[in-house]
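Have a look at the structure below before the remarks.
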Amino acid sequence: MAQVHVNDRDGVRVLTLDNAPVNALSFAFSALLLSAVQAAESDASVKAVVITGANGIFSGGADVNDFSTEPTPETKTVRDVLLAIEASNKPYAVAIDGNALGGGLELSLTCDYRLATPKSKVGLPEIKLGLLPGAGGTQRLPRLIGAQAALEFMLKGSTHAAEKAKTLGVIDEVVDGDVVAAAVAFINEHPVKRRISAMKPWIAKGIPNNAAPFIVSQAHKMVPKEQSGGFAAHKLIDAVEAAVTLPFAFGIAREARLFEELVRSAPSAALRHIFFAERELSKVPGLAAAEPLEIKKAGVIGAGTMGSGIAITFAQAGIPSVVIDSNYDAVEKAKQTVFGMFMYQVQKGKLTQEQAWKLGQSITFTDDYSALDDVDVVIEAVFESMDVKKQVFAKLDELCKPSCLLASNTSTLDIDEMASVTKRPDKFLGLHFFVPANIMPLLEIVRGKDTSAQTLATAFKLGKALRKTSVLSANAFGFIGNRMVFDYAGAAGAMAEEGVSLARIDGVAKAFGFPMGPFAMGDLSGIDVAWHIGKARPDVVSARTDVINRLVEMKRLGQKTMAGYFKYDKAVGKGREPIPDPEVEALFAEAAAKAGVAKHEIDDAEILDRLILALVNRGAYLLEEGVALRAGDIDIVYVYGYGFPPHVGGPMWYADARGLKEVHARLSEFAKKYGKQWEPAPLLTELARTGKTFALYTKELAHA
Ligand code: T1G
């Protein structure tokens, strides 16, 4: 039951926020806190107030759920609490032990003194939700640490450890041990108010306030355009401009108006959807509760790009690994990769030499499989051939201890077929990392028909330890992300055959918000990868088979051979800048002529719709086939794994926001013009007919 605990210590009122799990300052909880602040104000025996948090956290900020509701004039919010503290004649301090984020830090900034334990972290991450700190943060932080530092602090939205926050000036004291006692003593020694609102705003040391217009205009230039994900950033900069140019009360009013604009905006709704969808991922309806196994040591089979990336990922999570490979050259290359990665982090100041050395030492390379006899999980990352993988798993099944999980990093092959050569199908699963494994945040956890609840619970716990965003997929060709990308790439290939230049198609995708277009992405992942998949499943790679075969014959495999769909030149963009190549356009023209595909004009709107709705329609199939659990899971896969712009919320959120009736009509139009592959999925047809959404369908499924 949420409550504000009230205790008095040496004439100081101690208020403890207790609203598990993160002491969210919801409307309801803010009303409780407001009553406690008002009671302290009217109690003459209370000389000062200290606020702290229970549940191992100070506060995770305002309750994000509340932003989808319409507060009434009677609703109390965190702003009402801060107004009461601001108006109080008594000094306030906070005793932070754990995270103080968003409204939690803004509550702290309204108080006079801020003490924190060393493990505490503070931050204003609102920008990640498409918001700005709407409880005075944009007005107080510039007064405390200067507008320039405040802009960086809020535009990045990152969290800072207590010591760093103290260096910045956000925290007054970092104290070991009982931070509440320290705060009570501190405020008894400093029984005076020190309200930030009374401080003069400033820009930065040595920069006069009349430089504000210049600083503000520069800031606006450094953030993405409003329609390209920068909507909240520009409003945040406007709020900070108010902080350095207007009296405090006016600045607070400006901040409130800007916040209201953002909280109602589509980008914020999309980003809040991503926030909650990510936290739904590990909730698997119908999965029995199970105690996850401890993963203390890992094995990796294959020292290639993927294998070495996976080993680095384990090392960074503090889990030692053994990499098995008999190919001397591959092992030497992998050792260079590992060494290079950790030295790079030393150069970036992220690691000390000693830390880098320790991490590097935690990865051992050998060709001796017996080194796997004590590992708790093995991840196979060998050549994408079922026969090779089956041989490996048969051997691992003999060698590894009975409790060891066996996982394949395959991107498309059948997990159950691999499991069938082992005596532990309950401990068998897919763990599909994305290249580069130590950088890409997405991990697809692929569930075999016999994968146990304990294995899945262990996989989710391991994913969190590896700092991955883990999404559960059923065992189906291409799982979730790759299955969708085949349709996306197929749509792009078809338009290229209809005479649209590759550069224009990629340009439309980039204008929508993708970091790169479908052809540049194909060059990055490798034309040979598509070729292999096309061999296994011509039905999913059909639209580009001719061109892909020709490119492979010409040894144009993509970026790695400096030529694929595009050309690449080391002198241009470090060899990563796609350069249109008329030779490839001609290949598409040849393929079109052979297939009898007529050239015709296509406008940008259709180019975008054929790319995005191909994803949406496949996503609908994946939902109805049960490959993906929820529409939100699909959105997370595509935002985290394939660069779908997060401020648009993912393909399924995009379709819901556009309206499934319109999406259905557009797909039906494409089906008439371009063939049955565009027929709307039955689920999409049903939802459009009944006026429902993917999100609503998902909720019903999750509670089925
Ligand atoms: N609102 C609502 N629910 C929240 C929440 C929040 N701010 N933070 C966490 N939860 C839920 C989460 O959905 C999950 O629910 C459970 O708590 C555990 O979360 C006015 C406008 C605090 C570092 O952006 O970064 O203040 O799944 O799995 O890994 O200016 O949660 O159990 O049902 O993430 O230990 C700004 C968001 C809000 C911080 C804890 N604050 N939260 O991490 O647990 S806007 C944030 C976090 C605001 C003011 C503005 C993390 C955490 P369930 P979890 P965790």
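The values are calculated or read from the model by the stated rules, or taken from the named source; none is laboratory data. All values derive from a computational prediction rather than experimental measurement. As a convention, Cβ positions derive from the backbone with ideal geometry for all residues, glycine included, and neighbour counts pool all protein chains shown. Surface accessibility is based on the protein's heavy atoms, side chains included, excluding ligands, DNA and RNA. Shrake-Rupley method; radii C 1.70, N 1.55, O 1.52, S 1.80 Å.
By the Cβ-Cβ criterion of under 4.7 Å, the unpaired cysteines of the chain are Cys111. Dipole of the chain computed with +1 at Lys/Arg Cβ and -1 at Asp/Glu Cβ about the Cα centre; of Pro578, Ile237, Pro73, farthest Cα towards the positive end is Ile237. Bridges between two residues of the stretch 411-526, per DSSP, are antiparallel at a rate of about 45%. Between Asn7 and Ala87, what FRET efficiency comes out of the Förster formula 1/(1 + (r/R0)^6) with R0 = 25 Å and r the beta carbon distance, rounded to 0.05? With a Förster radius of 25 Å, E is 0.60. The magnitude of the dipole of the chain, with charges of +1 and -1 set on the Cβ of Lys/Arg and Asp/Glu and taken from the Cα centre, is near 1060 debye. In the chain, the DSSP beta bridges split such that about 30 percent are antiparallel, to the nearest 5.
Packing around the peptides 107-120, 214-227, taken as the average count of other Cβ atoms within 10 Å per residue, puts them in this order, highest first: 107-120, 214-227.
With +1 on each Lys and Arg Cβ and -1 on each Asp and Glu Cβ, and nothing else charged, work out how big the dipole of the stretch 540-608 is about its Cα centre, in Debye to the nearest 20.
Working: 11 positive and 12 negative charges, 113 e Å.
Around 540 debye, computed over the stretch 540-608.
Of all beta bridges that DSSP places with both ends in the stretch 298-475, some 15 percent have antiparallel geometry.
If I compute solvent accessible area with a 1.4 Å probe over the protein chains, what percent of it on the chain is carbon and sulfur?
57 percent
Dipole check for the stretch 505-702: with +1 at the C-beta of Lys and Arg, -1 at the C-beta of Asp and Glu, and the Cα centre as origin, the magnitude is about 260 Debye.
Since only Gly650, Leu683, Tyr638 are under comparison, the one whose Cα sits farthest along the positive direction of the charge dipole of the stretch 567-691, derived from C-beta charges on Lys, Arg, Asp and Glu, is Leu683.
Relative contact order for the stretch 298-475: what is it in percent, counting Cα pairs under 8 Å that are at least 6 residues apart?
Relative contact order comes out at 21 percent.
Of the Cα atoms belonging to the stretch 589-704, the radius of gyration and Dmax stand at 15.2, 51 Å.
Enclosing the Cα atoms of the chain in their convex hull gives a volume equal to 180 cubic angstrom per residue.
Please work out the average accessible area per residue across the chain, using the 1.4 Å probe convention, and give it in Å².
Values: 29780 Å² over 704 residues.
About 42 Å² of surface per residue is accessible.
Among 231-242, 290-301, sorting by the average number of other beta carbon atoms lying within 10 angstrom of each residue, highest first, gives 231-242, 290-301.
Please find the FRET efficiency linking Lys193 to Lys350, where r is the Cβ-Cβ separation and R0 is fixed at 35 Å, and quote it to the nearest 0.05. If you can, show how the numbers build up before the last one.
Details: r = 40 Å, r/R0 = 1.14.
The pair Lys193/Lys350 has a calculated efficiency of 0.30.
222 nm [θ] for the chain, helices only, -39500 (n - 2.57) per DSSP H run of 4+, per residue, to 500? Please report the intermediate quantities before stating the final value.
Working: 30 runs with 348 residues, N = 704.
After summing the helix terms and dividing by residue count, I get -15000 deg cm²/dmol.
Placing a pseudo-label 7 Å from each Cα along the Cα-to-Cβ vector at Glu679 and Glu624 gives an inter-label distance of 1.0 nm.
Highest mean packing comes first when the peptides 190-196, 254-260 are listed by Cβ atoms within 10 Å, giving 254-260, 190-196. Rg and Dmax over the alpha-carbon atoms of the stretch 89-146 stand at 11.5, 35 Å.
Hydrodynamic analysis of the stretch 505-702 uses the Kirkwood radius over alpha carbon pairs. Inserted into Stokes-Einstein at 25 °C and 0.890 mPa s, it gives a translational diffusion coefficient of 135 µm²/s. Considering only Ala356, Gly102, Met199, and ranking their Cα positions along the charge dipole of the chain that arises from unit charges at the beta-carbon of Lys, Arg, Asp and Glu, the one farthest toward the positive end is Met199.
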